[in-house]
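All remarks here apply to the structure that follows.
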Amino acid sequence: MNQEDIRHKIVKVILTELFYWARPDINEELLNGQVDLVNDLGFDSLGLIEFGFALEDEFKLIIPDEDVQAFATIQDWVDYINKKLIAPDNSFSSISCTILDKHEAM
């Protein structure tokens, strides 16, 4: 699975699992990698937890609770899930390897 496939699945989760009832103004074209879940989409702490559960279901992963709060943008989640799919033990944390080594040192 490549990063675009991961992004598409994350967007699908946002649109079908989380926003299907509340935000008819949100569509796939608006959900680019830089969209911030809290600031742009209005996720609160409960919304982030639900998002984490939905991602666990979609990708068949375990996402530690502290990781759910650690990432801001869709691209952050794409990078995180991509690394988790590659990681043999499917774990992480320590606030996700210091936010995935500061986004691979940008």
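Starting at the first residue of the stretch 40-49, write each ³J(HN,Hα) from the Karplus equation 6.51 cos²θ - 1.76 cosθ + 1.60 with θ = phi - 60°, in whole Hz, x for Gly and Pro.
3J(HN,Hα) across the stretch 40-49, in whole Hz: 8, 9, x, 4, 9, 4, 5, x, 5, 5.
³J(HN,Hα) across the stretch 59-67 via Karplus (A = 6.51, B = -1.76, C = 1.60, θ = phi - 60°), whole Hz, x for Gly/Pro?
Ordered by residue, 3J(HN,Hα) equals 9, 6, 10, 9, 10, x, 3, 5, 6 Hz.
For a Förster distance of 22 Å, can you work out the FRET efficiency between the beta-carbons of Asp5 and Ile49, rounded to the nearest 0.05?
So, using R0 = 22 Å, E works out to roughly 0.35.
Sort 78-84, 39-45 by packing, meaning the average of other beta carbons within 10 Å per residue, with the highest value first.
Packing proxy ranking, top to bottom: 78-84, 39-45.
Let me check I've understood the local charge: for Asp57, count other residues with C-beta under 13 angstrom from its C-beta, Lys and Arg +1, Asp and Glu -1. What total comes out?
-1
Every number here is computed from the coordinates shown, using simple stated rules; none is lab data. Bear in mind that the values here come from a model prediction, so they are computed numbers and not experimental data. Because the Cβ atoms are built from the backbone with ideal geometry, glycine has one as well, and the counts that use them run over all protein chains shown.
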